[in-house]
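Just so it is clear, none of the values below were taken in a lab; they were calculated from the coordinates. Values in this document were obtained by computation on a predicted structure and should not be read as measured data. Don't worry about glycine lacking a Cβ; one is built from the backbone with ideal geometry, like all the others, and counts go over all protein chains shown.
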Amino acid sequence: MCGELRAEDAGQDVVLMGWVNRRRDHGGLIFLDLRDRSGIAQIVVDEKSAAAHAKADAARPEFVVAVKGTVRRRAAGLENPNMPTGEIEVVASELLLLNDARTPPFSPAEDAIANEEVRLKYRYLDLRRTEMQANFALRSRVAMAIRNYLVGEGFLEIETPFMTRSTPEGARDYLVPSRIHAGSFYALPQSPQIFKQILMVSGFDRYFQIARCFRDEDLRADRQPEFTQIDLEMSFPQMDTIFRVTEGFLTAAFAAAGVALTPPFVRMTYDEAIRNYGIDKPDMRLPAMVSLTEELTPELREKLKIEQGLPVLGFVVPDAGNLSGTERKKLMNEIRGGFGDCGLDVLDLVRLQTSQEFSELFVHIDQALSTEYRKFLGKEDTPSVFQSIMSGQSTGQPYPLAIVVTPKLGTTAQHRAGTVAGILTHGHSWHSDPLETSIYKRVGALRLELGAKYADKHGLFAKTGAAADFKFVWVTDFPMYEWNEETRTWDAAHHPFTSPHEDDIRAGRLASDKGAVRALAYDIVLNGNELGSGSIRIHRKDVQAEIFRSLGMTDAEAHERFGFFLDALEYGTPPHGGIALGLDRIVMILAGAASLREVIAFPKTAKAIDLMVDAPTPATPQQLRELHLRIATRS
Ligand code: ASP
């Protein structure tokens, strides 16, 4: 292959086939950079090989060429250290033009052009680019490493249908009309969820599939209507078993990209994630939030005009300091502006520090923030946050930025009156107060905003290629239900096959206090991205029926949609559980790519269009007739 030739190969006769990456005509000598999947080799065609020279003369970029020749070392001083094959060239004795090519709309020899629509329309040319070739080679290696690991752990790869019934994962279904059964439709699976559970009923014990899933939802930049999951299910597992297997295949996948992970990963409950990071997918590359609620005694709150009883939270952004007084004020105003009228404010720490009255509070805040910061750095001997501010100021070194957020006087009343836009969250709310949860979330969002704003300074998001770039965390004990403000109903937060905590079932919370029911559900999170979710499932029909009821489904509706599954549960279903992780996202992260489209060979646009094949398209009148469909034009 072109990219494999090295100095040791000098003297070898080779046959190479590929595309003309670039052509340089030096009169008597023509240089062709020949590209195949493995890389690029320089071909020299001398006019003394007259036939070959004439063909090289006619060759143009992207022509398909076969070359017979001999490898030789380049003359001293003419090596190209930027090319793996830069020490050699191939002297052509014969050359065949296997095919010509129109002038391409962009050159596969160059970096990606900015216009992504053109890239997608001419995807075959875009995929020729070295970077894309590397992405798909990586994807293949990663998938193979995962397969090998899982098969080694006794998993069987089993395919499940694409044409099936609806699987509730919270998105809209893609439907396929049936020609044979007028008016009936198959649904494309949002996931293999029900089938993999049925495979456990069938005794397969350990199933996996690198499975395509289809979800018709409003597309965000990081979503695709069809995407690939590493989907697995096990019988008789503890949560720990699923965590170990998942950590195992992720370690294998990352090793395929040259990254050595060191499981086990950190674990925390959903509740801890909200309290410490203000989000259910914590980005552990930044220090956690710190509760200063206890430090702000009722007397101090009164003096500082801080609402009683609500959380006060602080956090540190590493190495973001070196702000002048004016810059600091500007930042505080920006933060206040960002809070809008949600009832939050930033505490002026400079004021605290310089005032006699609050100096003790200041010391406490410093201690609390510094303890967390040292924990984050893993260095006991780091100076306190404010000490480093002081010393940083004198030495010009970057120092941490400390932010403390407080609820303003009147926040509770405002909230109770329901006047604060967006602050009422019914979902995920077994915290005593939804207002509290919303404060955690808002401060968590600010932590991320400032983390991103100062990324260049702290460098914590930079990719070094080391395992430390990848901060994994398991989040467990998710809420079972989520309040849907639109439909004013409780929805399943994961999916309706997730088992609630035994304790919550026993305490009767399914009926009395849905917001407080925890699920045996877990997410695996990487650098603030949810990579996958799973759960221990319900394996008893009575519990499953009760959950359907609690989601507002009548028994008749449950029977109509999931009768086959409820039946299956009655024939000796083992306790089981599983997980599914997005393969596309994992490869995207490993490739350091900016979007899922860089690692999906034929992706769709944000409007769910395949620009290359031009899909979707209207059906012909005959197809519509056969499918018993009529298109109604919307008025
Ligand atoms: N089917 C679930 C999903 O797609 C994953 C699981 O529960 O195993 O999120």
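Region 139-193 and region 536-588 have Cα centres lying 16 Å from one another. Report the residues of region 338-368 in range of a label on Lys303: point 7 Å along Cα→C-beta, backbone N strictly under 13 Å from it. Hits in region 338-368 for Lys303 at 13 Å: 352-364.
For region 94-101, backbone phi angles converted through the Karplus equation (6.51, -1.76, 1.60; θ = phi - 60°) give residue-by-residue couplings of 9, 9, 10, 8, 7, 6, 9, 8 Hz, Gly and Pro being listed as x.
Hey, with R₀ at 60 Å, roughly what FRET efficiency would Thr554 and Phe31 work out to, going by the Cβ-Cβ distance, to 0.05?
Details: r = 75 Å, r/R0 = 1.26.
My answer for the efficiency is 0.20.
Counting each pair of different Cα atoms once, what's the Kirkwood radius of region 495-619 in Å, rounded to one decimal? When all Cα pairs of region 495-619 are included, the Kirkwood radius is 17.8 Å.
Put in order of Cβ neighbour count within 10 Å, fewest first, the listed residues Tyr522, Tyr122 become Tyr122, Tyr522. Residue separation of Tyr571 and Asn333 scaled by 0.36 nm, minus their Cα-Cα distance, works out to 79.4 nm of gained length. Which of Ser202, Ser235, Val259 sits closest to the plus end of the dipole of the chain, meaning its Cα is farthest towards the positive end, when Lys and Arg get +1 and Asp and Glu get -1 on the C-beta? About the Cα centre, the residue reaching furthest to the positive side is Val259.
For Lys48, a cut-off of 18 angstrom between C-alpha atoms picks up these lysines, skipping any fewer than 8 places away in its own chain: Lys68. Local charge for Val475 was computed over the other residues whose Cβ lies under 11 Å away, with Lys and Arg +1 and Asp and Glu -1, and equals -4.
How high is the relative contact order of region 191-350, in percent, with contacts defined as C-alpha pairs under 8 Å that are six or more residues apart? Before the final figure, lay out the partial values.
Numbers: 126 pairs, mean separation 18.1, N = 160.
Worked out over region 191-350, it gives 11 percent.
So, R0 is 56 Å and r is the distance between the beta-carbons of Ala7 and Met612; what FRET efficiency does that work out to, to 0.05?
Working: r = 40 Å, r/R0 = 0.72.
The value I calculate is 0.90.
Can you give the FRET efficiency for Leu96 and Ala134, using 1/(1 + (r/R0)^6), R0 = 25 Å, r = Cβ-Cβ distance, to the nearest 0.05?
After rounding to 0.05, the efficiency reads 0.35.
Calculate, in nm to one decimal, what Ala462 and Asp542 gain on full extension: separation in residues at 0.36 nm each, minus their alpha carbon distance.
On the way: separation 80, 0.36 × 80 = 28.80 nm, distance 5.04 nm.
Going from the current span to full extension adds 23.8 nm.
With both labels modelled 7 Å from their Cα along Cα-to-Cβ, the His364 to Leu127 distance reads 6.3 nm.
The mean sequence distance of close C-alpha pairs (under 8 Å, at least 6 residues apart), as a share of the length of region 1-72, puts its relative contact order at 42 percent.
Set the bar at 21 Å for Cα to Cα. Now go through Lys329/Lys408; Lys408/Lys457; Lys375/Lys453; Lys375/Lys471; Lys471/Lys607 and name every pair that lies beyond it. Don't jump to the answer; show the numbers that get you there.
Working: Lys329/Lys408 19 Å; Lys408/Lys457 31 Å; Lys375/Lys453 23 Å; Lys375/Lys471 15 Å; Lys471/Lys607 32 Å.
Violating the 21 Å Cα-Cα cut-off are Lys408/Lys457; Lys375/Lys453; Lys471/Lys607.
Summary of packing: across the peptides 262-272, 55-65, 353-363, the per-residue average of other C-beta atoms within 10 Å ranks them, highest first, as 55-65, 262-272, 353-363.
How would you classify region 257-416 from its alpha-carbon gyration tensor, with a ≥ b ≥ c the square roots of the eigenvalues: rounded for a/c under 1.5, else prolate if a/b is greater than b/c, otherwise oblate?
Details: a/c = 1.74, a/b = 1.21, b/c = 1.44.
It comes out oblate by the Cα gyration axes.
In plain terms, the residue of Asp173, Asp222, Asp126, Asp491 with the fewest other Cβ atoms within 10 Å comes first and the most crowded comes last, giving Asp222, Asp491, Asp173, Asp126. In summary, the helical segments of the chain meeting the span-like criteria, namely a full DSSP H run, a Cα extent along the axis of 24 angstrom or more and a mean Kyte-Doolittle hydropathy of at least -1.0, are 130-152, 239-256, 359-377, 434-453. By the Cα gyration tensor, the chain has an equivalent ellipsoid whose semi-axes, rounded to whole angstrom, run 50, 38, 23 from largest to smallest.
In percent, what relative contact order does the chain have, based on Cα pairs under 8 Å that are 6 or more apart in sequence? Spell out each step's value before the answer.
Working: 1164 pairs, mean separation 86.0, N = 635.
Relative CO of the chain lands at 14 percent.
Helical content alone sets the calculated 222 nm signal of the chain at -10000 deg cm²/dmol, taking -39,500 (n - 2.57) per DSSP H segment of four or more residues and averaging over every residue.
Spin-label model, Asn148/Met163: points 7 Å from Cα along the beta carbon direction are separated by 3.7 nm. Each Lys or Arg adds one and each Asp or Glu takes one away; over the other residues whose Cβ falls under 15 Å from the Cβ of Thr605, this sums to -3.
Can you compute the charge dipole magnitude of the chain about its Cα centre, using +1 on each Lys and Arg Cβ and -1 on each Asp and Glu Cβ, nothing else charged? Give it in debye, rounded to the nearest 20. Intermediate results must be reported in sequence, preceding the final value.
Values: 73 positive and 86 negative charges, 242 e Å.
Using only the charged Cβ atoms, the result is roughly 1160 debye.
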